[in-house]
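Peer 1: So that we are looking at the same thing, I have put the structure below in structure tokens.
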Amino acid sequence: MHKISANRKRLFTFILLGWALLLIGDRIGELRQYQGAFVAMYALAIASIILLTGYSGQLSLGHSALMAVGAYAGALSINNLKLNPVIALIVAALVAGIFGLILGIAAARLSGPYLAGTTLALAISLPTIANQFTILGGEQGILFDIGAPPARFGEGFSQYKWFFWISSLAALIMIWMISNLMHSKFGRVFRALRDNQTAAQLAGINIGRQKAVAFGLSAGVAGLAGGLLVMLISGVSPSAFPLSLSFSLLTGAVVTGVYDLKGVMLGGLVLVAIPEIADSVGSRVGGSDGFTMALPGFLVSALLILAVLFLPNGPGKLLKKKM
Amino acid sequence: MKRISIVSAVAVAGAMVLSALPAQAADPGVTSTEIKLGLSSPQTGTAALSYGKLPKAMKAYFDYINANGGVYGRKIKLVARDDKYLPTQAATQTTNLVLNDKVFALVGALGTATHTKAYAAAQLAKNNVPDLFVNTGFSGFDNKTKYPTTFLVLPSYAMEAKIIAKFIADTPTLKPQASFLIAQDDEFGIDGVNGFKLGGHTFTKAPTLYPQGGLSSALAEGALTALSAAPGKPVLVLMGTTDTTATLLKAAEKLSLTTKFNWIVGSVGGDANTLLALGVKSTTIDGVMAASFFPDAKDTSDEYVSQFMKINEKYNPGVSFDNVVLQAMNSAMLTVQALRAAGKNLTRAGLIKAIEDKGSTFAGAGLAPLNYSATSRVGYNGYWFGQLNAQGELKPFGGKLTVYTTDSATSAAPVASTYARKSIPKNGIPSN
């Protein structure tokens with residue numbers, strides 16, 4: 001019997017997933033389409049963290065800044081270069097990738113808390129620096145308008161469904177590419193770096209170069225996610241990328257399982273759903289303002305503890321075990 | 001008999017056709033018993049220190065109106081969502097208000113960077129969702145083509161800057177001094193710098209602009225130290241939110257520079273109660289000059305202030321009355337008048353038209369006139385100048401209260417207004 005290769009199996013799975021998402025997009029309301037687009041965007045951003053931390057063993061607390069780089073690059077491509085929005089999203093990924101590569105080269109000698117500190121400084125300073133350039137629109141920021149959906153989709157095709165399609169397809173294609181990459185030579189090299197740098201070096205791997213490549217790839221994915229984020233809010237400004245975004249993404253990655261991409265959609269879902277669940281619980285249970293305001297943080301903390309206790313490798317591994 | 005049958009058949013067919021025609025769809029958020037309004041504003045985070053009271057104060061006024069019969073029998077329900085003063089949150093929360101909570105209109109949204117994103121993301125223009133009494137002075141929102149459903153309540157920062165420029169030029173103790181501007185690098189800075197240019201005022205040094213939420217104590221101390229080298233008693237204009245005004249004043253306390261400057265604070269950042277609550281000493285605010293278009297929130301002789309205080313005490317217990325509460329209740333009162341002006345058959349288009357047609361006649365606490373019309377979305381269009389005392393009361397500068405009105409776009413000099421404010425509706429309940 002003819003055996004299907006792993007690569008083809010993955011491609012088939014992603015095509016099926018895409019088809020399922022398009023069907024789901026047709027059957028849900030505008031609000032869910034909008035939220036779905038956010039889930040896909042967050043999933044992609046979490047995938048960028050997993051690529052860097054889970055696969056290559058580098059810790060970044062500055063992914064919100066890398067998203068901002070992509071977001072500004074995309075917005076400038078649309079506003080100043082009049083590029084097609086899809087091309088602008090690709091530019092967002094490329095520019096953030098190059099920025100990440102340069103940062104990766106500079107930070108190649110750093111690891112652990114030193115790397116975390118450097119990326120943290122980046123997350124704090126980059127949005128502030130963005131304020132200093134008039135071309136970036138200061139605190140007001142600049143528009144990121146992808147325009148109305150193509151007329152051929154019909155009048156009933158809403159802007160939110162258009163967002164959902166773009167966000168979902170971008171996330172699926174990019175996660176498929178990462179997944180393939182991780183099953184290639186690059187993936188094995190990255191895992192070798194993560195597990196034992198000395199052994200990897202003895203095996204002939206150029207540690208500094210590979211770490212920079214991992215940083216660049218991760219930044220590119222984060223940049224695309226940043227482009228999608230500002231597409232969803234129709235504009236980019238420094239306050240759209242607070243430090244808390246970096247921590248939210250890390251939370252999503254831990255819930256997902258930092259060593260596995262299979263649960264990224266769950267991570268994205270958690271980031272979108274927690275405020276909704278907290279709102280709903282708060283309004284049903286009632287209680288003081290302090291309780292209502294602390295509830296989202298409490299739910300996230302509880303989820304993190306539960307994830308670390310019961311699913312340290314993420315829900316993807318659980319599925320694998322059952323299968 | 002045959003004729004009767006034909007007539008009957010035609011009548012039945014006609015009835016079927018008529019019944020098959022879609023009834024005119026009612027706008028979301030309005031029933032025979034309720035009007036649902038939405039508010040996205042910071043309830044947590046640093047901006048909540050200044051503006052966290054907004055939703056509850058508005059709700060308190062609406063509760064008061066509901067207890068007194070509502071608007072044509074409909075109770076007002078305010079759905080408030082926390083956007084943390086972040087653009088992403090404002091976009092998602094406003095979209096939630098429109099699509100999930102299905103509000104009839106938005107009211108009292110706060111912030112420019114936040115609300116520009118929210119307006120586009122929630123597709124307020126496409127859905128014709130009225131966007132009432134937005135709390136920002138960014139003149140860009142007065143663009144009816146871009147924001148066809150938006151009505152501002154604050155005067156623009158450009159107007160404020162022009163009037164401050166006139167105040168400095170007209171005050172003999174201030175005119176000869178060096179002058180500096182420290183402004184938030186967003187609509188405050190953009191509009192403020194433009195306004196001073198239009199007002200013909202040139203600062204001694206280029207304005208110091210800082211990012212929203214980015215003015216740390218260290219930066220404030222650095223900026224003040226640099227400016228303190230100027231001789232005499234320089235004029236220092238602060239245009240930003242109250243929390244950043246507090247940061248700067250506390251930095252001046254630390255550096256013993258409180259008496260070095262003639263302080264002028266913008267209307268948004270000059271709420272004395274909030275400044276005191278944020279730890280600024282009463283001796284520091286004593287003598288600070290501030291622009292305002294409202295009466296002083298501590299002035300119990302003002303009929304609007306005293307009525308709103310009573311409502312606040314009963315429907316918002318335990319919350320101190322300040323400029324934010326006054327502003328929130330005033331916006332709520334304007335909202336009730338707008339809803340009443342739109343009539344019993346309430347529609348979104350009707351509400352927008354009602355404000356365009358009658359908005360300039362609404363009663364409100366503001367001492368400057370309202371400027372709504374078919375072509376203008378600007379609310380109040382003027383300021384008066386006062387000086388804070390150690391109790392946090394804003395008293396008219398020089399003992400006489402003069403309101404100046406102006407525009408945001410021309411270099412026409414501000415003029416003293418002859419506007420006579422309307423009396424508050426009986427018991428604070430509009431009956432227009």
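Read-outs throughout are calculated quantities, based only on the coordinates presented, and are distinct from any laboratory measurement. For clarity, every value in this text was computed on a predicted model and none was experimentally measured. Cβ coordinates were reconstructed from backbone atoms using ideal geometry, including for glycine residues, and neighbour counts include every protein chain displayed.
Peer 1: Count the net charge of all other residues whose Cβ sits under 14 Å from the Cβ of B:Phe308, scoring Lys and Arg as +1 and Asp and Glu as -1.
Peer 2: Numbers: positive: B:Lys53, B:Lys56, B:Lys59, B:Lys298, B:Lys310, B:Lys314; negative: B:Asp63, B:Asp296, B:Asp299, B:Asp302, B:Glu303, B:Glu313, B:Asp322.
For residues surrounding B:Phe308, the net value is -1.
Peer 1: Suppose we look only past 11 Å in the calculated P(r) of the stretch B:255-295. What percent of the Cα-Cα pairs does that tail hold?
Peer 2: Details: 548 of 820 pairs.
In whole percent, the share of Cα-Cα pairs in the stretch B:255-295 beyond 11 Å is 67.
Peer 1: Moving to a separate point now. Of the candidates B:Ala113, B:Ala229, B:Ala183, which one comes out as most mobile in a Gaussian network treatment of chain B with C-alpha springs shorter than 10 Å?
Peer 2: B:Ala229
Peer 1: While we're here: What is the distance, in nm, between label points placed 7 Å from the Cα along the Cα-to-Cβ direction at A:Leu94 and at B:Asp299?
Peer 2: Taking the two extended label points, one gets 6.1 nm.
Peer 1: Defining a contact as two alpha carbons under 8 Å apart and six or more residues distant in sequence, what relative contact order in percent does chain B show?
Peer 2: Working: 888 pairs, mean separation 68.4, N = 432.
Normalised by residue count, the contact order of chain B is 16 percent.
Peer 1: Normalised by the number of residues in chain A, what is the relative contact order in percent for Cα pairs under 8 Å and 6+ residues apart? Spell out each step's value before the answer.
Peer 2: On the way: 498 pairs, mean separation 105.4, N = 323.
Rounded, it is 33 percent for chain A.
Peer 1: Hey, another quick one. Report, as a whole number in µm² per second, the diffusion coefficient that Stokes-Einstein gives for the protein assembly as shown at 10 °C and 1.306 mPa s using the Kirkwood radius over alpha carbon pairs.
Peer 2: Here the translational diffusion coefficient equals 57 µm²/s.
Peer 1: Which distance in nm do the two modelled labels at A:Leu83 and B:Ala169 give, with both placed 7 Å along the Cα-to-Cβ direction?
Peer 2: 4.7
Peer 1: With Cβ to Cβ distances under 10 Å as the rule, what net charge do the other residues near A:Gly25 carry (K, R +1; D, E -1)?
Peer 2: Charge balance in the 10 Å sphere: +2.
Peer 1: Modelling each spin label as a point 7 Å along the Cα-to-Cβ direction, I'd like the A:Ala116/B:Lys344 distance in nm, to one decimal.
Peer 2: In this crude spin-label approximation the distance works out to 6.7 nm.
Peer 1: What Kirkwood hydrodynamic radius do you get for chain B when you take the inverse of the mean 1/r over all pairs of distinct Cα atoms, in Å?
Peer 2: When all Cα pairs of chain B are included, the Kirkwood radius is 22.6 Å.
Peer 1: How big, on average over all directions, is the shadow cast by the Cα convex hull of the stretch A:250-297, in nm²?
Peer 2: Its Cα hull, projected and averaged over all orientations, spans 3.4 nm².
Peer 1: Using only the Cα atoms of the stretch A:8-242, what semi-axes does the equivalent ellipsoid have when each is the square root of 5 times a gyration tensor eigenvalue? Give whole Å, largest first.
Peer 2: On the way: eigenvalues 194, 109, 33 Å².
Working from the Cα gyration tensor, I get semi-axes of 31, 23, 13 Å.
Peer 1: All other residues with a Cβ under 14 Å from the Cβ of B:Lys233 taken together, and with Lys, Arg as +1 and Asp, Glu as -1, what is their net charge?
Peer 2: Residues near B:Lys233 contribute +2 overall.
Peer 1: Relative contact order for the stretch B:177-319: what is it in percent, counting Cα pairs under 8 Å that are at least 6 residues apart?
Peer 2: Relative contact order comes out at 21 percent.
Peer 1: In which sequence would B:Arg348, A:Arg10 go, from the one with the fewest C-beta neighbours within 10 Å to the one with the most?
Peer 2: Working: B:Arg348 19, A:Arg10 14.
Lowest to highest Cβ neighbour count: A:Arg10, B:Arg348.
Peer 1: Taking other Cβ within 10 Å of each residue's Cβ, how do B:Asp186, B:Asp407 sort, fewest first?
Peer 2: Ascending number of Cβ neighbours within 10 Å: B:Asp407, B:Asp186.
Peer 1: With N residues in the stretch A:1-52, what two-decimal value do you get for its Cα radius of gyration over 2.2 N^0.38 Å?
Peer 2: On the way: Rg = 14.7 Å, N = 52, 2.2 N^0.38 = 9.9 Å.
In units of the globular-protein estimate, the stretch A:1-52 measures up at 1.49.
Peer 1: If you build the Cα gyration tensor of the stretch B:23-97 and take the root of 5 times each eigenvalue, what three semi-axes come out, in whole angstrom, biggest first?
Peer 2: 26, 18, 5
Peer 1: Per-residue Cβ counts within 10 Å, from other chains only, averaged over A:150-160: what number is that? Numbers along the way, then the final one.
Peer 2: Numbers: counts 0, 0, 0, 0, 0, 0, 0, 0, 2, 4, 4.
Whole-number average of other-chain Cβ neighbours for A:150-160 is 1.
Peer 1: Kindly count the pairs of lysines across the stretch B:334-432 whose alpha carbons are less than 20 Å apart, treating pairs on different chains or eight or more residues apart as eligible.
Peer 2: Going through the stretch B:334-432 pair by pair, I get 5.
Peer 1: Over the Cα atoms of the stretch B:292-432, each weighted equally, I'd like the Debye log10 I(q)/I(0) at q = 0.15 Å⁻¹, rounded to two decimals.
Peer 2: Log-scaled intensity ratios, in q order: -0.83.
Peer 1: What are the lysines whose alpha-carbon lies under 18 Å from the alpha-carbon of B:Lys117, with same-chain residues fewer than 8 places away excluded?
Peer 2: B:Lys84, B:Lys126, B:Lys144, B:Lys146
Peer 1: Counting only DSSP beta bridges with both residues in chain B, tell me the antiparallel percent, nearest 5.
Peer 2: Percent antiparallel among DSSP bridges in chain B is about 35.
Peer 1: Can you give the convex hull volume per residue for the Cα atoms of the stretch A:1-103, as a whole number of Å³?
Peer 2: 163
Peer 1: What residues from the stretch B:216-245 fall in the zone where the backbone N is under 16 Å from a label point 7 Å along the Cα-to-C-beta line of B:Ser256?
Peer 2: Taking a point 7 Å out along Cα→Cβ of B:Ser256, the residues of the stretch B:216-245 whose backbone N falls under 16 Å are B:225, B:228-229.
Peer 1: With θ taken as phi - 60° and the coefficients 6.51, -1.76 and 1.60, list the Karplus ³J(HN,Hα) couplings across the stretch A:256-263 in order, rounded to whole Hz; mark glycine and proline as x.
Peer 2: Along the stretch A:256-263, the couplings run 5, x, 5, 9, 8, 7, 4, x Hz.
Peer 1: Order these by the 10 Å Cβ neighbour count, fewest first: B:Thr136, A:Thr198.
Peer 2: Starting with the residue having the fewest Cβ neighbours, the order is A:Thr198, B:Thr136.
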